[in-house]
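The values are calculated or read from the model by the stated rules, or taken from the named source; none is laboratory data. Computed from a predicted model, the values in this text were never measured in an experiment. Quick reminder, even Gly has a Cβ in these numbers, built from the backbone with ideal geometry, and neighbours come from all protein chains shown. What goes into the accessible areas is simple: the full protein's heavy atoms, side chains included, and nothing from ligands, DNA or RNA. Shrake-Rupley method; radii C 1.70, N 1.55, O 1.52, S 1.80 Å.
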Amino acid sequence: MTTPTTLARDAEPFSPEAIDDQVSSVAAGLRARISESLANIPLPVEDPSPVIDALSGGKHLRARTLLLIAHSFGTPDPRFSAEAAVALELLHTASLVHDDIIDRSQFRRGLPSLHSAADEATAILIADLLIAVSFETAAALGERAVTPLARAFGQLCQGQLLEPALGWGADARPAIENYATLKTGALFGSAFELGAMAASYDPALQDRFRASGERLGLAFQLTDDLLDVRDDALNLGKDHGADLRNGIPTLPLWSAYRRLVDLGETRCASDSSLRDALAGEAGSDRTLRYTKKRIVALVEECRSLLPPATQPGAVDLTVDAVLADLGQSSGPDCESEAP
């Protein structure tokens with residue numbers, strides 16, 4: 001096994017509290033970068049502060065993941081990890097603006113979505129601007145830092161383009177998971193890659209880090225899908241049931257539909273008259289068990305792909321942080337159950 005290269009550098013020692021402080025610094029840097037980008041733009045809103053709040057808010061989970069992975073596998077370069085985390089969050093924020101337009105979502109992070117607060121054209125252009133700023137921020141760290149972000153951006157676009165082709169058939173699960181990996185796992189893959197770069201880990205292992213992050217990102221998306229069918233809009237801070245409303249087959253919804261088919265349901269999943277039955281089955285303990293079982297398997301795959309960590313506890317914290325909301329999905333523990 002290739003060992004990481006350790007460079008002499010001034011870096012904060014690892015601790016959960018230190019990670020919290022670093023995430024706070026990244027959040028401040030993100031807000032500053034967004035504020036600077038919008039400073040000379042005449043937004044069609046009376047007060048731009050809520051717009052900036054919505055764009056720069058959130059849990060900054062991808063930044064936290066990057067920082068934790070960096071500490072898991074070496075002594076991270078503080079400048080590289082901080083700037084890479086800001087670049088990653090900028091790209092994520094831009095993707096959310098685009099997603100809200102496509103999904104017709106009216107809320108994001110408990111506030112009106114950008115296209116609702118301003119208008120659709122403004123939202124599209126601001127998101128594009130943030131993507132440019134993301135790449136510019138990463139470019140200052142060198143070409144190697146731009147590559148994971150550019151790849152992830154391409155995957156995000158590819159995933160969105162694949163969405164209309166998703167189906168509800170018995171063999172649809174691989175396509176549904178591929179879609180979720182492209183749309184969500186890609187940015188977590190970048191977080192793992194950039195974290196390994198910050199720790200100066202062997203570049204030959206970048207593909208393994210990216211694949212590991214993608215598995216954990218898919219597990220995160222399945223967790224989010226569960227919350228979408230089991231929680232309300234107030235708890236989520238965004239529109240509830242958007243996937244069901246828009247006819248997008250997430251894993252819990254697909255599993256629920258296949259169960260209804262087994263019970264004799266013959267209507268198409270996109271039939272609005274089936275929506276209540278599908279919502280009820282998707283929120284059932286059976287669907288919860290099935291989805292949680294898949295999440296557990298993805299976490300095992302994520303861990304198996306990683307090389308030995310110098311700080312194993314930081315890897316544990318990464319998994320715990322990414323799947324923190326899984327506990328909100330009350331119900332039985334995982335059991336083997338066919339869809």
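Observations on the model:
- Residue in the stretch 260-271 that is open to solvent by 50 Å² or more (accessible area, probe 1.4 Å) and either at pLDDT below 80 or within 19 Å of the chain's Cα centre (by Cα) (or both) present: yes
- In this entry, Ser134 is excluded by the filter for residues that are buried (at least 18 other Cβ atoms within 10 Å of the Cβ), over 18 Å from Gly29 (Cα atoms) and touching a residue at least 40 places away in the same chain (Cβ under 8 Å).
- Just so you know, in the stretch 143-189 the residues that are touching a helix residue (DSSP H, G or I) at 6+ places or on another chain (Cβ under 8 Å) and among the β-branched types (Val, Ile, Thr) include one that is surrounded by the fewest Cβ atoms within 10 Å (Cβ to Cβ), and it is Val146.
- Filter pass, Ser37 being buried (at least 20 other Cβ atoms within 10 Å of the Cβ), in contact (Cβ under 8 Å) with a residue 24 or more places away in the chain, of a type in the set (Gly, Ala, Ser) and farther than 25 Å from Ala309 by Cα: no
- Count - residues of the stretch 94-111 that are within 14 Å of Ser190 (Cβ to Cβ) and either touching a residue at least 60 places away in the same chain (Cβ under 8 Å) or over 14 Å from the mean Cα position of the chain (by Cα) (or both): 1
- Applying the criterion of being of a type in the set (D, E, K, R), modelled with pLDDT under 90 and open to solvent by less than 60 Å² (accessible area, probe 1.4 Å) to the residues of the stretch 90-118, the residue that is nearest to Phe153 (Cα to Cα) is Asp103.
- Tally of residues being under 28 Å from the mean Cα position of the chain (by Cα) and at pLDDT below 90 across the stretch 1-48: 7
- Search result, residues across the stretch 190-219 that are outside any helix (DSSP H, G or I) and surrounded by fewer than 24 Cβ atoms within 10 Å (Cβ to Cβ): Ser200, Asp202
- Odd one out for Lys59, checked against (1) more than 15 Å from the chain's Cα centre (by Cα); (2) free of Cβ contacts under 8 Å to residues at least 12 places away in the same chain: (1)
- Pairs, first closer than 15 Å to Asn246 by Cβ and assigned to a loop (DSSP other than H, G, I, E, B) in the stretch 161-172, second among the aliphatic types (A, V, I, L, M) and open to solvent by 30 Å² or more (accessible area, probe 1.4 Å), C-beta under 9 Å, six or more apart: Leu166/Ala175; Gly167/Ala175; Trp168/Val261
- Once the stretch 210-259 is narrowed to residues that are at pLDDT 85 or above and of a type in the set (Lys, Arg), the residue that is nearest to the chain's Cα centre (by Cα) is Arg215.
- Residue count for the stretch 285-310 under the criterion of being within 22 Å of Asp325 (Cβ to Cβ) and open to solvent by 10 Å² or more (accessible area, probe 1.4 Å): the result is 13.
- Members of the stretch 60-105 that are over 23 Å from Ser37 (Cα atoms), β-branched (Val, Ile, Thr) and in a helix (DSSP H, G or I): Thr65, Ile69, Ile102
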